[in-house]
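Data first, discussion second: the structure below is written as structure tokens.
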Amino acid sequence: MKDTIPWQYNEFTQVGKDYSKPEEVEDFEARHSDFRDLEGDSNAVLDLLGVSENDILIDFGSGTGVFARQAAQRCRQVHAVDVSQAMLDYARNVAIRAGVTNIEYHHGGFLTFEYDGPPVDYITTTLAFHHLPDFWKGIALKRMYTMLKPKGKLFIHDGVIEVDGAIDNITALIDRLGEAGGEEMREDAEEHFRKEFSTYDWIIDGLLTRAGFEIESREIVDGVMASYYCLRPE
């Protein structure tokens, strides 16, 4: 926000894994590639959104830049936003080596990134929105709403929890991650639910609609991992 208030949440504070450290950043893709198809997942989202060559897209929590690089192959301009300067440096270097020139990198987050370009066609965020407490999620959604053009689309993929069976579903997810990624991945998942801010589906639903969005579709897998596809109406 342009006029930062004294009690604003500090989204640059690392919670959970510390991705301000270059060695953690370098290890990120290797560990996640063991159980995620990063490029395939990115292209599936881009197919869903229908991104085309004249579009502008903002990706919050852009991480190592896999999604931003895939999006850059399809649209005019990508803005990759992350609170970790180490992540941005890594992503920028990979893009340079790949010859990708239509990505701008911004050190900021949901609350601090200031966008001064034309309204954008798409905003995406994957496994980053949970870093904000619920009150600040609401502020962030209102900010994203103002960045989108009418009929612009928002895609959120993150940990969102259904009320029924919440404890069992979270425990099962942690077990699956431990089986896929080893003890370090299990510990990361436990730390996530211990210290970070994944919340209930009814809270996210309400925050989205009160920010002005229409929820076009929502899918929650295994009661704990959600994808929201939303529209800013005219």
Report task. Only residues that are aromatic (Phe, Trp, Tyr) and part of a helix (DSSP H, G or I): list them for segment 175-218, please. Result -> PHE193, TRP202
Query raised in the report: In the list ALA226, ALA211, which residue meets the criterion of being modelled with pLDDT of 95 or more, crowded, with 16+ Cβ neighbours inside 10 Å, under 17 Å from ASP158 (Cβ atoms) and touching a strand residue (DSSP E or B) at 6+ places or on another chain (Cβ under 7 Å)?
Result: ALA226
Query - Of residues in segment 109-131 being surrounded by fewer than 22 Cβ atoms within 10 Å (Cβ to Cβ) and out of contact with any strand residue (DSSP E or B) (no Cβ under 8 Å at 6 or more places or on another chain), the one nearest to ALA86 (Cα to Cα) - result: THR112
Query raised in the report: Has segment 212-227 got any residue that is in contact with a Cys (Cβ under 6 Å, 6 or more places away or on another chain), in contact (Cβ under 8 Å) with a residue 24 or more places away in the chain, within 21 Å of ASP134 (Cα to Cα) and not polar (S, T, N, Q)?
Result: yes
Query raised in the report: Take the residues of segment 39-71 that are outside any helix (DSSP H, G or I) and of a type in the set (A, V, I, L, M): which is nearest to the chain's Cα centre (by Cα)?
Result: ILE58
Requested in this report: Test ASN10 against the stated conditions and say whether it is touching a Lys or Arg at 6+ places or on another chain (Cβ under 6 Å), surrounded by fewer than 12 Cβ atoms within 10 Å (Cβ to Cβ), polar (S, T, N, Q) and modelled with pLDDT of 95 or more.
Outcome: no
Query raised in the report: Quick check, is GLY181 over 15 Å from ASP222 (Cβ atoms), surrounded by 14 or more Cβ atoms within 10 Å (Cβ to Cβ) and either at pLDDT below 95 or small (Gly, Ala, Ser) (or both)?
Result: yes
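This table checks each residue for (1) surrounded by fewer than 20 Cβ atoms within 10 Å (Cβ to Cβ); (2) touching a residue at least 12 places away in the same chain (Cβ under 8 Å).
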| position | (1), (2) |
| --- | --- |
| GLY63 | no, yes |
| ALA72 | no, yes |
| ARG97 | yes, no |
| ASN102 | yes, yes |
| HIS107 | yes, yes |
Query - Filtered residues of segment 197-234 (kept if over 14 Å from THR126 (Cα atoms) and among the small types (Gly, Ala, Ser)) - result: GLY206, ALA211, GLY212, SER217, GLY223
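The values are calculated or read from the model by the stated rules, or taken from the named source; none is laboratory data. Treat the numbers as computed from the prediction; the structure is a model and nothing was measured. Don't worry about glycine lacking a Cβ; one is built from the backbone with ideal geometry, like all the others, and counts go over all protein chains shown.
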